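S.K.: Let me begin by handing over the structure; questions about it come next.
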Amino acid sequence: MKRKRNYRLFLLILFCIFLAVTIIWVTRHMEIQPSNRNILLKCNAYCAIQLDNRTIKPLSLHQTERQSTGEEGLLVPNVIHFVWFGDPWSFTFLNYLSFLSVHKVLSPEYIFIHGENIPNGYWWNRTTLDVSNIYHVYRQAPTTALNGQPFKFKEHKSDLARLQIILSYGGIYLDKDMIVLKSFNQLRKYQTVFGRETKYALTNSVILGQKEAPFLKILNLAYYAYNGPTETWTGTSLRVPDSMSRILPAMVHVEQDTFNRPLWNDLKVYFHGSYNWSRLYATHVWARKAKQTGLALPKSPDDIRHWNGSFGEITRFIYYGPNDVV
């Protein structure tokens, strides 16, 4: 079984190499479009609704495309994208900290939430008061991969959507349990940036990309080879990006250990011990993994005020400011 999986992965890599050669040849004349070109938005086609409890203003997504980064030599626009499909998103204190970290550390031009539902709850209302320039983009989850194969895992729907969003508009994708710790400006000079998760897999919890970046086009086309019922959790989403980054290193910058850290197997140390987070651009809280392993997540500022361990330091750093790091 393992040999069969390795053989399938080998064939997928060969397929991607062929696609890469094709992409490089025609990249200046080619425009990959999202699979959901019939997306209906809350206002009109390709626009977003601002959500700040004070006003509702439409914004054309193409308007954000035409804007320069405003900083010489930076290729990736300072625009943030979150994706949420499924049930209405009941915002948590952790989600609030994620958005607050984006606002305080990155100061983006726009924050877009792509999905079918607008978030709700106390911490969502608080977010719209404390974080500016949040917009909702109505987007339906893809129903199949690009080859028509059903998604084995529902999370793969978001994997494809986030890739296509960055490909189409450029910017920075973040998972909703990521906390940003320092400026991404040093990374925005690259066409595409991924972080490493394991030895043979990259992470897509953070993606930086220039609009229509060639590496993202290749990863998008890899979903024409999605394996449907036999697809693995990491296959097309994480292992293919790793393989292609080794084949085409000039197309992508890979951060080895400054994204997506700590990993899920270090969560107990991270939550209640000492973890060196000084080099991290962003940290992944792994909210679902934490719950599965019995680790409690903070529900309010009272929970982090006296939280011992590195996680308490980080959350206080974002919520209160650097003077309150202990």
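S.K.: Kirkwood Rh, Cα Rg: Rg to Rh for segment 223-302?
M.R.: Values: Rg = 16.5 Å, Rh = 15.4 Å.
Ratio value, two decimals: 1.07.
S.K.: How many Å² of accessible area per residue for segment 83-145, probe 1.4 Å? Provide the component values of the computation, followed by the final result.
M.R.: Details: 2170 Å² over 63 residues.
I get 34 Å² per residue for segment 83-145.
S.K.: Also: Can you compute the FRET efficiency between A250 and F153 using 1/(1 + (r/R0)^6), with r the Cβ-Cβ distance and R0 = 25 Å? Round to the nearest 0.05. Write down the numbers at each step before the final one.
M.R.: Values: r = 31 Å, r/R0 = 1.25.
Efficiency for this residue pair is about 0.20.
S.K.: Per q in 0.15, 0.16, 0.33 1/Å, what log10 I(q)/I(0) does a Debye calculation on the alpha-carbon atoms of segment 133-176 return?
M.R.: Here log10 of I(q) over I(0) equals -0.42, -0.48, -1.31.
S.K.: Which percent, to the nearest 5, of DSSP beta bridges fully inside segment 90-230 are antiparallel? Mind showing how you got there, number by number?
M.R.: Working: 10 of 16 bridges.
Rounded to the nearest five, the antiparallel share is 60 percent.
S.K.: Turning to a different aspect of this structure: State the percentage of accessible surface on segment 149-291 attributable to carbon and sulfur atoms; use a 1.4 Å probe and exclude ligands, DNA and RNA.
M.R.: Numbers: 2620 of 5210 Å².
Carbon and sulfur: 50 percent of the exposed surface of segment 149-291.
S.K.: If you don't mind, another one. Starting from one equal scatterer on each C-alpha and no solvent at all, send me the Debye-based log10 I(q)/I(0) for segment 194-235 at q = 0.13 Å⁻¹, two decimals.
M.R.: With one equal scatterer per Cα and no solvent, log10 I(q)/I(0) is -0.34.
S.K.: Over segment 194-326, give the accessible area per residue in Å² for a 1.4 Å probe, as an integer.
M.R.: Working: 5750 Å² over 133 residues.
Accessible area per residue: 43 Å².
S.K.: Can you tell me what percent of all Cα-Cα pairs in segment 75-188 are more than 22 Å apart?
M.R.: 33 percent
S.K.: Mind checking segment 234-282 for trypsin sites (Lys or Arg not before Pro) that DSSP puts in a loop (not H, G, I, E or B) and that have at most 15 other Cβ atoms within 10 Å? Write out the running numbers ahead of the final one.
M.R.: On the way: sites: R239, R246, K268, R279; in loops: R279.
Answer by residue number: R279.
S.K.: Follow-up question, since we're still on this one. Kindly count the pairs of lysines across segment 217-321 whose alpha carbons are less than 22 Å apart, treating pairs on different chains or eight or more residues apart as eligible.
M.R.: Values: K268/K289; K268/K291; K268/K299; K289/K299; K291/K299.
Summing the qualifying lysine pairs gives 5.
S.K.: As a test of the definition: which semi-axes, in Å, follow for segment 167-291 when you take the square root of five times each eigenvalue of its alpha carbon gyration tensor? Largest first, please. Don't skip to the answer; put the middle values down first.
M.R.: Details: eigenvalues 122, 69, 30 Å².
Over the Cα atoms of segment 167-291, the semi-axes work out to 25, 19, 12 Å.
The values are calculated or read from the model by the stated rules, or taken from the named source; none is laboratory data. The model shown is predicted, which means the values in this text are computed figures rather than measured ones. Every residue, glycine as well, gets a Cβ built from its backbone with ideal geometry; the counts of neighbours run over all protein chains shown. Calculation scope for accessible area: heavy atoms of the full protein, side chains included, ligands and nucleic acids excluded. Shrake-Rupley method; radii C 1.70, N 1.55, O 1.52, S 1.80 Å.
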